[in-house]
Amino acid sequence: MCGISGIINKDGSAVDPGAIRAITDLVAHRGPDGEGFYFGGSFAFGHRRLAIIDVSAAGKQPMAYLDRYVITYNGEVYNFIEVRERLARCGYRFASNTDTEVILAAYDKWGQDCVDHFNGMWAFAIYDIERRLIFCSRDRFGVKPFYYSDRLDRFVFGSEIKQVLLGAGGAAVANMAVLRDFLVEGLHDHTSATFFEGVKSLKAGHKLVYRLDDHTMVETRWYTLPTREELPRMSAHAATTRFLQDLKQSIRYRLRSDVKVGTCLSGGLDSSSIASLSAPMYSAASGQPFQAIHARASEAAIDESGHARTVADANGIELCIVEPTLADFAGAVDDVTRCQEEPFAAPSIFMQFFVFKKAREIGCKVMLDGQGGDEILLGYERYYAAHLQSLARLAAARELWAIHRHGNGGFINVVARLAYFSLAWVRIGALRRRHGFLKDCYLTDFPNIRALAAATADVRSMQRLEIESFQLPHLLRYEDRNSMYHSVEARLPFLDYRLVETCYGIDTSLKIHRGWTKHILRVAMRGLAPASILWRVNKLGFEAPTGTWIGAMRASMETAIRGSVLIERMCKREIDLARLDSATLWKLFSIAKWESAYAVQPAAAASE
């Protein structure tokens, strides 16, 4: 797990060593264990190393192979042992025990199709000396980031946006369309555009080929979530068996490490399942107890530490509990703002930030986490709308009653939420009323909301949108920045591509059943995790004491909002901040802090 960078000068001039070093140094936190550079005439690669597999000097990057290829790489190919054995049978020899060298040999063997053989998370750039091209790739679901800027004079890429901004030069300018989607619709990371004009993200499951001779660039998709005909026809028993096998193998892969591994443990279903399966595997292999870290909320209503303790005690896990205070939160606002690089929708990610901070302090260089469980197993309440539409009338009525029994709130609230997610005009009307202080140009079109509402007519269509665009991408950004800021590698068992494909393909009734979301996980984990965890009704996660924190900081938040040029630019009148709901207030505050941290300027008025 590392930080990568690259600069290509289109005029053919050599890259200034100071320039590539400067943008690489910006991500020293992603790789405190070493640095390296490669200069190839008109381009240069940079690398910061976080040593996880083969921590010796043999893993230094950028790495060369066969005098034909050079790579700068961030990530982990978990099945590198199996791929290496296959390549060895084909005559390939290896000088290290790294997955980096395996990637290079696989590229020599299979070319750009090498990624089809990898199970993992990655963002890399390979210089192919003979073909005079740079092959860039991002993993199937975009766990690891890859940002770039393509200007007339140069092409710049990096693991973080700040690298691209510095390498490309010029002022940081707000992308007002992205800013609008975030503030009004609560969406971000849903396209290749970022909050910064001119900075793009290589989308998940995509590759980018840059040809050095003519400076042309082609970005294409290499992975699409498949629909496998046999999966929907599987019986409940067969599907559950396959699901558990896939999940266990995913965890085995993600426990491969030459450094200490731990896990995030909220006490919810996803993290508890991972902890319960991981602990015996890790202890058997290492002879050491497994380590878990929990972030405890100071408000009793959202305190899940008791659930985390139940899981830890049942599995012999060493549990470390952190309890961030208001002072901790206030003191971390600037750090998290710079760490995340773009506005974020809620203070809950601070809890994750403090978990990874503790992981670094106690020497857990690798942490498992439950991200992705809700997306692959239909864990959100909005999936109910799509599920109910797929059922016959009587069956839908029965399921609606079961949802009411297992969901949060009364029957009327359940029906209201279903209408909100499935009827675009209901949601659009609510958003227009909530954001009436904005200029009309920001409230005239809602293609994303219409697409999401239309997708509720088909569960798989909705699930695909959530995985590829509207939900998972921004959660992965939070995870990556929070973990790597503290030089910790986060691994996500629920996003093993084979497990994702299984969960995407099996019948919906196995994922939502009698009002229970993620039903197949609950059934599969019987006898493996405490029943009190498996059949919990309430869903929290690492929930922050948002009411307490925002209430205490409201005055300073309002001051920051009133000082924002971007927010003033978007408004048709002064905002009555006292009447705003806390979610909208936080988003405005996050925009203001981001604007200040990165000296962001508004885009040209013509775009409005």
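The values are calculated or read from the model by the stated rules, or taken from the named source; none is laboratory data. What you are looking at is a predicted structure, and each value in this text was computed from that prediction instead of being measured. Counting neighbours? That spans all protein chains shown, and the Cβs are built from the backbone with ideal geometry, glycine included.
Just a few scattered comments:
- Within the stretch 185-202, residues that are of a type in the set (Lys, Arg) sit with their Cβ atoms under 8 Å from residues that are part of a loop (DSSP other than H, G, I, E, B), at 6+ positions apart or across chains, in these pairs: LYS200/SER192; LYS200/THR194.
- Residues considered: GLY36, GLY31, GLY111. Of these, the only one that is out of contact with any helix residue (DSSP H, G or I) (no Cβ under 8 Å at 6 or more places or on another chain), among the small types (Gly, Ala, Ser) and more than 24 Å from GLY142 (Cβ to Cβ) is GLY36.
- Across the stretch 271-292, the number of residues qualifying as in a helix (DSSP H, G or I) and surrounded by 17 or more Cβ atoms within 10 Å (Cβ to Cβ) comes to 10.
- Residue among TYR127, TYR69, TYR107 that is assigned by TED's automatic domain parsing to the domain that holds ARG30, touching a Gly at 6+ places or on another chain (Cβ under 8 Å) and over 26 Å from ILE376 (Cβ atoms): TYR127
- Residue identified as part of a strand (DSSP E or B), charged (D, E, K, R) and not assigned by TED's automatic domain parsing to the domain that holds ALA346 among LYS203, LYS207: LYS207
Residue by residue, here is whether (1) touching a Ser or Thr at 6+ places or on another chain (Cβ under 7 Å); (2) farther than 17 Å from THR72 by Cβ; (3) of a type in the set (Asp, Glu) holds:
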position	(1), (2), (3)
ASP150	no, yes, yes
ALA168	yes, yes, no
VAL173	no, yes, no
VAL199	yes, yes, no
TYR210	no, no, no
THR216	no, yes, no
THR224	no, yes, no
ARG228	no, yes, no
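- For THR337: the one exception among (1) under 20 Å from the mean Cα position of the chain (by Cα); (2) surrounded by 23 or more Cβ atoms within 10 Å (Cβ to Cβ); (3) in a helix (DSSP H, G or I): (2)
- Residue ID - surrounded by the fewest Cβ atoms within 10 Å (Cβ to Cβ), chosen from residues in the stretch 459-491 that are out of contact with any Lys or Arg (no Cβ under 8 Å at 6 or more places or on another chain) and not in a helix (DSSP H, G or I): GLN471
- Residue in the stretch 540-554 that is over 30 Å from ALA308 (Cβ atoms) and either basic (Lys, Arg) or in a helix (DSSP H, G or I) (or both) present: yes
- Only one of the listed residues (GLY205, GLY186, GLY158) is under 25 Å from GLN371 (Cα atoms) and buried (at least 22 other Cβ atoms within 10 Å of the Cβ). That residue is GLY158.
- Test: SER159 is outside the structural domain of LEU588 (by TED's automatic domain parsing), of a type in the set (Gly, Ala, Ser) and out of contact with any Pro (no Cβ under 9 Å at 6 or more places or on another chain): no
- Count of residues meeting criterion [in a helix (DSSP H, G or I), loosely packed, with under 15 Cβ neighbours inside 10 Å and in contact (Cβ under 8 Å) with a residue 24 or more places away in the chain] in the stretch 293-327: 2
- Residue count for the stretch 368-419, restricted to those that are surrounded by 15 or more Cβ atoms within 10 Å (Cβ to Cβ), in a helix (DSSP H, G or I) and among the aromatic types (Phe, Trp, Tyr): 2
- Among the residues making up the stretch 559-603, those that are touching a strand residue (DSSP E or B) at 6+ places or on another chain (Cβ under 6 Å) and either of a type in the set (Val, Ile, Thr) or part of a loop (DSSP other than H, G, I, E, B) (or both) are VAL600, PRO602, ALA603.
- Here TYR598 fulfils each of the conditions (1) of a type in the set (Phe, Trp, Tyr); (2) touching a Pro at 6+ places or on another chain (Cβ under 9 Å); (3) more than 24 Å from ARG433 (Cβ to Cβ) apart from (2).
- If you filter the stretch 467-489 down to residues that are over 8 Å from the mean Cα position of the chain (by Cα) and among the charged types (D, E, K, R), you find that the one that is farthest from ALA295 (Cα to Cα) is GLU468.
- Filter pass, TYR148 being crowded, with 21+ Cβ neighbours inside 10 Å, assigned to a strand (DSSP E or B) and under 19 Å from the mean Cα position of the chain (by Cα): yes
- Picking from residues in the stretch 524-539 that are on the phi < 0 side of the Ramachandran plot and part of a loop (DSSP other than H, G, I, E, B), the one that is nearest to the chain's Cα centre (by Cα) is LYS539.
- Any pair with Cβ under 8 angstrom, 6 or more apart, that starts in the stretch 494-523 at a residue that is at positive phi and ends at one that is β-branched (Val, Ile, Thr) and buried (at least 21 other Cβ atoms within 10 Å of the Cβ): GLY515/ILE403
- Residue count for the stretch 215-262 satisfying the condition of being modelled with pLDDT of 95 or more, among the acidic types (Asp, Glu) and loosely packed, with under 13 Cβ neighbours inside 10 Å: 0.
- ASP445 charged (D, E, K, R) and surrounded by 21 or more Cβ atoms within 10 Å (Cβ to Cβ): no
- Answer residue from the stretch 496-519, given it is charged (D, E, K, R) and assigned to a helix (DSSP H, G or I) and is surrounded by the most Cβ atoms within 10 Å (Cβ to Cβ) among those: GLU501
- When residues of the stretch 14-69 are limited to those that are under 29 Å from the mean Cα position of the chain (by Cα) and acidic (Asp, Glu), the one modelled with the lowest pLDDT: ASP54
- Residue within the stretch 348-363 that is within 28 Å of PHE243 (Cβ to Cβ), in contact with a Lys or Arg (Cβ under 6 Å, 6 or more places away or on another chain), outside any helix (DSSP H, G or I) and assigned by TED's automatic domain parsing to the domain that holds GLY262 present: no
- For the stretch 98-142, a tally of residues being among the basic types (Lys, Arg) and part of a helix (DSSP H, G or I) returns 1.
- Considered as a group, the residues in the stretch 165-183 that are in contact with a helix residue (DSSP H, G or I) (Cβ under 8 Å, 6 or more places away or on another chain) and under 27 Å from PHE45 (Cβ atoms) include one that is surrounded by the fewest Cβ atoms within 10 Å (Cβ to Cβ), and that residue is LEU166.
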